[in-house]
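Visitor: Just dropping this structure here.
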Amino acid sequence: MELVQNFRWFENGEVQDMVIAGGKVVWRGASGTGPTATLAKSLNGATIAPGFIDNHCHIIASGIDLGRLNLTGLDSHEAVLAALRDRNLSEPDGWLLAVQYDQNRYAGGHLTRAELDQISSARPILLRHFNGHASVANSAALEIANVTAETPDPEGGAYRRDASGAPDGVLLEAAHERVWGFVPDPSVEGMADAIIRAGESMAGYGITIACDMQTGRPDLLSELKAYTLALENGCPIDLRLVIQWGAMFGRRAAAPEVIQEHIAAFEATGRGRVVGIKIFADGAIGSATAAIYGAYEGAEPEHGTWSGQLMYAPEKLKAMTLTAHDAGYAVSVHAIGDYAADLVMDAFEATGEPSRHRIEHIMLMSDAQIERLSKIGCAATMQPEFLHRFGHAYLRNLGAERTAKLKRFRSVLDAGIPLSLSSDRPIVPGDPRLAIRTASHRPAGFDATENLTPTEAIFAHTVEAANCLGDTGRFGTLQPGSDARYVLVDDLL
């Protein structure tokens with residue numbers, strides 16, 4: 001047994017020691033009162049917390065994106081096109097894929113396929129929006145995806161069109177998903193390598209366990225094989241998976257017994273577990289597709305009393321939630337807009353056991369909705385880094401008053417709602433320290449009365465994040481029997 005001594009515990013500042021064996025905590029308590037153990041390290045009074053937990057991210061996508069053209073910081077059409085031109089010359093083969101595209105930063109708004117065709121009209125080009133709910137395609141990409149002027153908008157999405165009715169390259173929600181579906185999938189080995197790269201990146205931030213929140217988007221069985229292989233090949237973090245509803249219950253899903261065989265192999269590693277089912281209710285604010293009451297800034301309501309896009313009709317959302325619930329799974333539903341949040345709460349209540357489930361993001365919520373969510377009893381997960389990275393987009397699309405009230409950390413916590421913090425990487429880099437600082441010191445333009453204390457924010461990124469994954473006592477506590485990895489947090493307090 002090894003002794004880590006003379007540190008302060010983040011929740012109360014008490015000077016403590018900790019005894020560790022086999023990567024697990026054996027004992028933690030007041031300094032000098034524990035069992036005999038070999039001294040491994042003295043922390044000289046530094047404050048520690050359990051290793052961070054990211055319970056809402058996209059692991060394979062994060063690893064793959066590390067090798068794609070990143071448009072972060074570019075602020076004009078010309079700058080984006082210059083970066084694409086350089087990448088096209090240096091890496092001329094296959095699809096040209098870029099991430100962190102943000103039309104809110106460009107004076108001309110969205111680029112179009114005509115501009116991308118200046119780079120190449122023969123090589124497929126796709127720019128993925130920072131929020132993952134939209135993209136821009138050139139003519140070659142649209143041709144590969146069989147998108148023409150006659151192609152109808154898919155349910156839950158749209159091809160933006162020019163004056164002649166032809167798609168102009170801007171793809172929203174399901175239209176974005178459809179075209180990206182033609183990008184060649186990596187091999188199982190390629191996905192496993194991406195998982196390990198993402199795991200190494202997250203471990204560098206002090207993250208000990210992460211949950212992929214959309215497993216099975218291209219192919220569930222291949223992804224399960226890749227996650228299993230990644231753990232067998234030394235992925236440095238433990239993994240949890242939430243499977244996309246369609247991959248488990250949709251028309252193209254594999255036979256249930258085959259899926260369960262692959263899940264069993266993944267969980268047999270001892271470091272992986274499937275923890276739920278994912279459903280999308282709406283889009284995102286940055287692309288003006290989140291389902292909100294009223295209208296987006298400078299526009300009229302699109303659907304009578306609300307605007308944005310729903311992925312499914314309300315009754316279908318209820319039916320999908322009930323299917324997963326009846327199969328024994330916890331359900332995590334993406335709901336960014338306040339209109340979508342009400343529909344998700346309706347769906348959770350229809351199960352009869354709403355507290356089993358999670359609502360993801362809830363960026364826009366009224367007092368009455370927070371009270372309702374508290375009565376329902378389900379957990380909520382938020383991503384503070386969004387406020388730091390995307391405030392300009394929120395201000396542009398919602399105006400100052402609504403933007404100030406986005407992500408009401410304090411109100412949610414004070415209402416007794418189990419609140420965890422996460423990243424949604426690769427939408428953002430996924431630095432837990434920045435998330436904790438943002439949750440406790442909201443940026444200018446966001447209501448400071450919604451701040452958490454630093455201690456509360458750390459708790460939400462450790463203890464509560466573990467609770468959401470069913471890992472209470474296994475991670476996020478440094479209690480006897482839990483994972484023994486820790487982080488220094490004096491800079492956060």
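Every number here is computed from the coordinates shown, using simple stated rules; none is lab data. Source: prediction; values computed, not measured. FYI the Cβ positions are ideal-geometry reconstructions off the backbone, even for glycines, and counts take in every protein chain you see.
Visitor: Which number do you get for Rg(Cα) / (2.2 N^0.38 Å) in region 2-45?
Guide: On the way: Rg = 9.6 Å, N = 44, 2.2 N^0.38 = 9.3 Å.
Taking N as the residue count of region 2-45, the ratio is 1.04.
Visitor: Further, regarding this structure: How do Leu406, Leu488, Leu421 line up, fewest other C-beta atoms within 10 Å first?
Guide: On the way: Leu406 25, Leu488 14, Leu421 31.
Exposure proxy ranking, most exposed first: Leu488, Leu406, Leu421.
Visitor: Just to be sure I understand: if I project the alpha-carbon convex hull of region 242-371 onto a plane and average over all orientations, what area do I get in nm²?
Guide: Values: hull surface 37.5 nm².
Spelled out: convex hull of the Cα atoms, projected over all directions, averaged, 9.4 nm².
Visitor: Any chance you could check the Cα centroid distance between region 283-319 and region 54-120 for me, in angstrom?
Guide: Answer, in whole Å: 27.
Visitor: Output the 0 to 90 degree angle, nearest 10, between the alpha-carbon long axis of helix 385-404 and the longest principal axis computed from the alpha carbons of the chain.
Guide: So the inclination is approximately 60 degrees.
Visitor: Could you give me the ³J(HN,Hα) list for region 205-210, computed from phi with Karplus coefficients 6.51, -1.76, 1.60 and θ = phi - 60°, whole Hz, x at Gly and Pro?
Guide: Per-residue couplings from phi come out as 8, x, 7, 10, 8, 9 Hz.
Visitor: May I ask for the angle, rounded to the nearest 10°, between helix 367-376 and the longest principal axis of the chain, with both axes built from Cα atoms and the value confined to 0 to 90°?
Guide: With rounding to tens, the tilt is 60 degrees.
Visitor: What is the Å³ per residue value for the convex hull set by the Cα atoms of region 188-478? Write out the running numbers ahead of the final one.
Guide: Details: hull volume 36.6 nm³, N = 291.
Per-residue hull volume (Cα only) is 126 Å³.
Visitor: Mind putting a number on the dipole of region 174-288 about its Cα centre? Charges go on the C-beta only, +1 for Lys and Arg and -1 for Asp and Glu, and I need it in Debye to the nearest 20. Show your work: numbers first, answer last.
Guide: Numbers: 10 positive and 14 negative charges, 57 e Å.
Result for region 174-288 is approximately 280 debye, rounded to the nearest 20.
Visitor: In whole angstrom, how far apart do the alpha carbon centroids of region 249-272 and region 159-216 sit?
Guide: So the separation of the two Cα centres works out to 21 Å.
Visitor: A further question follows. Could you give me the ³J(HN,Hα) list for region 151-164, computed from phi with Karplus coefficients 6.51, -1.76, 1.60 and θ = phi - 60°, whole Hz, x at Gly and Pro?
Guide: 5, x, 5, x, 4, x, x, 7, 9, 5, 10, 8, 4, 8
Visitor: What are the ³J(HN,Hα) values, in whole Hz, obtained from phi via the Karplus relation 6.51 cos²θ - 1.76 cosθ + 1.60 with θ = phi - 60°, for each residue of region 93-98 in sequence order, with x given for Gly and Pro?
Guide: Coupling constants for region 93-98: 9, x, 6, 9, 10, 10 Hz.
Visitor: Scaled to the compact-protein estimate 2.2 N^0.38 Å, what is the alpha-carbon radius of gyration of region 42-140, rounded to two decimal places? List each step's numbers first, then the result.
Guide: On the way: Rg = 17.8 Å, N = 99, 2.2 N^0.38 = 12.6 Å.
Cα-based Rg divided by the globular estimate yields 1.41.
Visitor: Also, I was wondering about something else. List the lysines whose Cα sits under 18 Å from the Cα of Lys316, skipping any in the same chain fewer than 8 residues away.
Guide: Those lysines meeting the cut-off are Lys278.
Visitor: Quick one: Ser222, Ser482, fewest Cβ neighbours within 10 Å first, how do they rank?
Guide: Working: Ser222 16, Ser482 20.
Listed from fewest to most nearby Cβ atoms, that is Ser222, Ser482.
Visitor: Take the Cα radius of gyration of region 96-180 and divide it by 2.2 N^0.38 Å, with N its residue count; two decimals is plenty. Mind dumping the intermediate values first?
Guide: Values: Rg = 11.6 Å, N = 85, 2.2 N^0.38 = 11.9 Å.
Normalised by 2.2 N^0.38 Å, the Cα Rg of region 96-180 equals 0.97.
Visitor: Give me the net charge of Ala448's neighbourhood, meaning all other residues with Cβ under 11 Å from the Cβ of Ala448; Lys, Arg count +1, Asp, Glu -1.
Guide: Details: positive: Arg410, Arg442; negative: Asp447, Glu450.
Overall, the nearby charge balance is 0.
Visitor: Could you tell me the distance between the Cα centroids of region 472-493 and region 436-450, to the nearest Å?
Guide: 24 Å
Visitor: Also: Please give me, ordered by residue number, the trypsin sites (Lys or Arg not before Pro) of region 217-305 that lie in loop per DSSP and have at most 14 other Cβ atoms within 10 Å. Present the calculation step by step, with values, prior to reporting the outcome.
Guide: Values: sites: Lys225, Arg240, Arg251, Arg252, Arg271, Arg273, Lys278; in loops: Arg251, Arg252, Arg271.
Within region 217-305, the qualifying trypsin sites (Lys or Arg not before Pro) (loop, at most 14 other Cβ atoms within 10 Å) are Arg251, Arg252.
Visitor: Related question: Could you work out the local net charge near Arg410, counting Lys and Arg as +1, Asp and Glu as -1, over the other residues with Cβ closer than 13 Å to its Cβ? Mind dumping the intermediate values first?
Guide: Details: positive: Lys405, Lys407, Arg408, Arg442; negative: Asp367, Asp414, Asp447, Glu450, Glu456.
Counting the neighbours of Arg410, the net charge comes to -1.
Visitor: Mind listing P(r) for region 363-475? All alpha-carbon pairs, 10 Å bins, whole percents.
Guide: Percent of Cα pairs in each bin: 15, 46, 34, 5, 0.
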